[in-house]
Amino acid sequence: MRLRRNLHRSDLSASITVFLIAVPLSLGIALATGAPLQSGLVAAAVGGIVAGLLGGAPLQVSGAATSLVVITADLVQRYGWRATCAVTVLAGLVQLLLGVLRVARAALAVSPAIVHGMLAGIGTVIAVGQLHVVLGGSPQNSTVDNIAALPGQLIDSHPATPFVGVITVAVLLGWRRLRGRTGGALRRIPAPLAAVALGTLAAAPLSVPRVELPSWQAPALPALPEGPVLGIAAVVLTVTLVASMESLLSAVAVDALQAKREAGAQVAPARLDRELLGQGASNVLSGLLGGLPIAGGAMRGSANVEAGARTRRATVLHGVWVLLCAGLAGRALEAIPLAALAALVMLVGVRMVSFAHIRHIQRHREFPVYAATLGTVVVFGVLQGVAAGGAVAVFLSLRRLTRTRVTVTEEPDCHRVRVSGQLTFLAVPRLTRAFAQVPDGADAVVELDGSFMDHAAYEALRGWSERHRSRGGRAVFGDGAGQAVGEPPGAHACRPWTPWRNHHCTRSESVPATSGGQLIGGVSAFQRNTAPLVREELARLAREGQRPGQLFITCADSRLVTSMITSSGPGDLFTVRNIGNLMPPPGSDASCDSVAAAVEYAVDVLGVSSITVCGHSGCGAMQALLGSDHEPGAQTPLARWLRHGRPSLARLSRIGRLGRGEVALADRPVADDHERLSLVNVIQQLDHLTAHPCVARRVSEGALQLHGMYFHVGEAQAYILDRSTSVFAAVRPEAGQEGPVAAAGSGPEPEAYGLTTKV
């Protein structure tokens, strides 16, 4: 009963928070589309109640769709409001059909570059159009016209309207920082409500355009738009596509956000086909009642999760509050200046252009797709932008498939033919020209760096190889790392993460077979095999600087290879290694500032999003703490350092003395006190981390996550800590195929824990 009462209480407070965001946002979207202002409130109420009850994403909040502002404005201007409502109904029916056909997952197969380019283009159109309203004018028919008319609008603008807009934007941008420095009820007020309220207060003595809500009456029935059937069908499909994509992507985003909460606060994963059915039903009803097109919104959904929502009751209650507000608080809403609503929607549009997404897309070499989609959406429209982005994506895919580079280099002992890219019939002429440069009787090494070879290329390779060998030559085919494929049985070859043992292949013949010679041989092997593969990425990191997403604190033990166990590459991890993976708490002597300085630099300067403390089996530092090798009063550097592990030893003794299983492995017993201390030490060092002000601040803001990890060297097995239960669960090889889950889960792939960002 107490748990249910807490759930009801958290859902109630979350619903009020989202309601306070939804009302000004819905009015602003209606203003931006040119639709009746009450249509935004209708969409918010229907989206909250109907989609909240029927949808498959319990914590997603639906309402007037931000991504449909441009399309809806064009519909209202071209066909009229009743026809726009009819298009909304038809789009809802198509969504219901798609939900019945269970195609929701297929919609997520669209290239992220197209999706983000479309959203950025829509955001640009919204921002430029609403800037005219902030300046006291009206938006033009197109973005190009809006940009051309801006100089004249700036000259003719009335000072009162921009003043209200500037105040609204300033509050929106600075509210989180101001709220963080104060306490009490101010922390519970969302930024959109505070911005519109203060903008309204500032506009009270001024004569500026304000909200005008018509008296409520029965909505007129939707009327089919007049025009060519194909044109109307294209419009309906555009609304369906954009609304569905926004809803499904937002559902996935909200799902990922709520998965980061503690285990007891999580809800069931989103059911995307059911979500599409709920969105379809909402759009049908919204169109019939005279409301705007509806979609799930990441901003409202994330606010719902952050406000503590636990069930779909929060979403439904938010719709009920909007409905009551529309009926009982119409006079209060009419005091809101239009410039404040326009400034709110303008900033929403600006934030739809995400530079983080641009960097991610550029990293994957899909920026041309993003740019083509964005530019076409701004100039021509959403449907044309999606088509243009798709065309560029297909062109780039074909270009990558057909782009093959073949080079021939003469080395002292052989001729090396390097083939980069996919080998198709189109590359056969270049391949034969390269083979013609290899003299008869010469030794040749052919390196194939690609994942595809068609039959024509295979026959060309096989035919040349047979001819070359028949003329007394030798041909060896290798992989992309330069390693020969046809090596004699038992030969030693260092492929990725082969155990570092007996490295005869990395020893230079020109130096003695010593550790130094092996080091030089290993570096030489890197320059020969690995450097060509990573040079481009390292050059980019050298230009742009490091931007790791994770701080990894682990032991200096030579058997622990962080990049191996996290599958990370250059620029992924900011790593701190010391004896015993210790994190001295604040207030330690100055000799311990090195680790604290690294943490402060990673958190405040690099802005990492997660910190992982990783212990391991067979740790010498833990053995020293358990033994008598280093007495408490000893003054050697190692002894002074190990005293920071004594809180872990004291914690272990409390476990033994009280008989409590404070730490455990999920699938097997803890082997001995040595392993138990290594596990306890991970938990203790996480506690030390949270005592540092920079870490505590970022954690409280929800911008930083802390993870615990244990690596058993002999088993090559990683374990992840569930901090709520102090249980370490093994990471399974197949877990990554099921998609990311929370860090306290049962073993997803490393990047699901924030350990690495793969290139």
Practice task
Give just the number: which of (1) touching an Asp or Glu at 6+ places or on another chain (Cβ under 8 Å); (2) modelled with pLDDT under 90; (3) open to solvent by less than 30 Å² (accessible area, probe 1.4 Å) does Phe728 not satisfy?
Solution key: (2)
Exercise for the section: Confirm whether His360 is out of contact with any Cys (no Cβ under 9 Å at 6 or more places or on another chain) and open to solvent by 40 Å² or more (accessible area, probe 1.4 Å). Expected result: yes
Handout entry: Residues of the stretch 362-376 that turn out to be modelled with pLDDT of 85 or more and not aromatic (Phe, Trp, Tyr), as a count
Key = 9
Handout entry: Condition met for Pro586 (surrounded by fewer than 18 Cβ atoms within 10 Å (Cβ to Cβ) and either out of contact with any Pro (no Cβ under 6 Å at 6 or more places or on another chain) or more than 21 Å from Arg359 (Cβ to Cβ) (or both))
Key = yes
Handout entry: Flag if Arg416 is within 24 Å of the chain's Cα centre (by Cα), farther than 30 Å from Gly28 by Cβ and not in a helix (DSSP H, G or I)
Key = no
Handout entry: Long-range neighbours under 9 Å by Cβ, at least six apart or interchain, first residue in a helix (DSSP H, G or I) within the stretch 14-30, second of a type in the set (Asp, Glu)
Key = Ala14/Glu306; Thr17/Glu306
Completion exercise
Over the stretch 84-110, the set of residues within 11 Å of Val236 (Cβ to Cβ) and among the small types (Gly, Ala, Ser) is Ala86, Ala91, Gly92
Problem - Scope the stretch 608-629; condition among the polar types (S, T, N, Q), open to solvent by less than 10 Å² (accessible area, probe 1.4 Å) and more than 17 Å from Cys555 (Cβ to Cβ); matching residues - result: Ser610
Practice task
State yes or no: is Arg577 under 23 Å from Met622 (Cβ atoms), at pLDDT 85 or above, among the basic types (Lys, Arg) and within 31 Å of the chain's Cα centre (by Cα)?
Solution key: yes
Practice task
Evaluate the stretch 77-99: report whether one residue or more is touching a helix residue (DSSP H, G or I) at 6+ places or on another chain (Cβ under 8 Å), of a type in the set (Lys, Arg) and at pLDDT 85 or above.
Solution key: no
Practice task
Kindly establish whether Val392 is over 17 Å from the mean Cα position of the chain (by Cα), at pLDDT 80 or above and under 26 Å from Arg540 (Cα atoms).
Solution key: yes
Practice task
Please indicate, with yes or no, whether at least one residue in the stretch 138-161 is in contact (Cβ under 8 Å) with a residue 12 or more places away in the chain, outside any loop (DSSP other than H, G, I, E, B) and under 20 Å from the mean Cα position of the chain (by Cα).
Solution key: no
Problem - Residue match in the stretch 116-138 (condition: closer than 20 Å to Leu276 by Cβ and in contact with a helix residue (DSSP H, G or I) (Cβ under 8 Å, 6 or more places away or on another chain)) - result: yes
Practice task
Answer yes or no: is there a residue in the stretch 363-376 that is of a type in the set (S, T, N, Q), assigned to a helix (DSSP H, G or I) and more than 20 Å from Val23 (Cα to Cα).
Solution key: yes
Problem - Qualifying residue in the stretch 518-533 (condition: open to solvent by 40 Å² or more (accessible area, probe 1.4 Å), within 29 Å of the chain's Cα centre (by Cα) and modelled with pLDDT of 80 or more) - result: no
Practice task
Filter the stretch 580-618 down to residues that are farther than 17 Å from Leu706 by Cα, touching a strand residue (DSSP E or B) at 6+ places or on another chain (Cβ under 8 Å) and not polar (S, T, N, Q) and give me whichever is modelled with the lowest pLDDT.
Solution key: Gly580
Practice task
Please verify whether the stretch 617-627 includes one or more residues that are within 30 Å of Ser653 (Cβ to Cβ), touching a residue at least 60 places away in the same chain (Cβ under 8 Å) and assigned to a helix (DSSP H, G or I).
Solution key: yes
Exercise for the section: Please tell me if Arg697 is without any contact (Cβ under 8 Å) to a residue 12 or more places away in the chain, within 23 Å of Gly549 (Cβ to Cβ) and surrounded by fewer than 22 Cβ atoms within 10 Å (Cβ to Cβ). Expected result: yes
Fill in the blank from the handout: When Leu93 is run through (1) closer than 18 Å to Ala251 by Cα; (2) in contact (Cβ under 8 Å) with a residue 60 or more places away in the chain, the failure sits at (1)
Fill in the blank from the handout: Taking the stretch 303-360 and keeping residues over 20 Å from Ala57 (Cβ atoms), within 24 Å of the chain's Cα centre (by Cα) and assigned to a loop (DSSP other than H, G, I, E, B) leaves Met352, Val353, Ser354
Fill in the blank from the handout: Among (1) out of contact with any Ser or Thr (no Cβ under 9 Å at 6 or more places or on another chain); (2) surrounded by fewer than 24 Cβ atoms within 10 Å (Cβ to Cβ); (3) in a helix (DSSP H, G or I), Gln130 falls short only on (2)
Fill in the blank from the handout: Listed by range, helices (runs of 4 or more DSSP H) wholly within the stretch 527-607 having at least 1 residues that are of a type in the set (Lys, Arg) are 531-544
Handout entry: Which listed residue is charged (D, E, K, R) and buried (at least 17 other Cβ atoms within 10 Å of the Cβ), from Arg405, Arg399, Arg433, Arg416
Key = Arg416
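The values are calculated or read from the model by the stated rules, or taken from the named source; none is laboratory data. Every value quoted in this text rests on a predicted model; they were computed, and no experiment measured them. So basically every Cβ, Gly included, is an ideal-geometry build from the backbone, and we count neighbours across all protein chains shown. Side chains included, ligands, DNA and RNA excluded: accessible areas come from the protein's heavy atoms. Shrake-Rupley method; radii C 1.70, N 1.55, O 1.52, S 1.80 Å.
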